[in-house]
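Each remark here refers to the structure printed beneath this line.
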Amino acid sequence: ADESSGYESESAERSASASGTRGLQRRARTAFTSEQVCRLEKTFQRQKYLGATERRKLAAALHLSEIQIKTWFQNRRMKLKRQI
């Protein structure tokens, strides 16, 4: 099954790459709502790494893709590492 990453420009990017003229398009940055960030932060405080099951449940609860959850956690761990 083709899973969407949640990016608005994804379909435009696919059609552009299919025709061979990709151009300088970039993926739109995901704008997380304050509720989503709060829930992600609370989950991160409990566990720094999510398994597939937890990631799937959190993605469904927050209406995000699993890739967005995975990337957010990777970025958050790097932020914590820089702070330390």
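The values are calculated or read from the model by the stated rules, or taken from the named source; none is laboratory data. These numbers were taken from a predicted model, which means no experiment stands behind them. As a convention, Cβ positions derive from the backbone with ideal geometry for all residues, glycine included, and neighbour counts pool all protein chains shown. Surface areas here come from the heavy atoms of the whole protein model, side chains and all, with no ligands, DNA or RNA. Shrake-Rupley method; radii C 1.70, N 1.55, O 1.52, S 1.80 Å.
By accessible area, using a 1.4 Å probe on protein heavy atoms only, segment 34-83 has 52% of its surface on carbon and sulfur.
In this rough spin-label picture, where each label sits 7 Å from Cα along the Cβ direction, the Ala52-Gln25 distance is 3.1 nm. With a simple spin-label model that places each label point 7 Å from the Cα along the Cα-to-Cβ direction, the separation between Asn75 and Ala61 comes to 2.0 nm.
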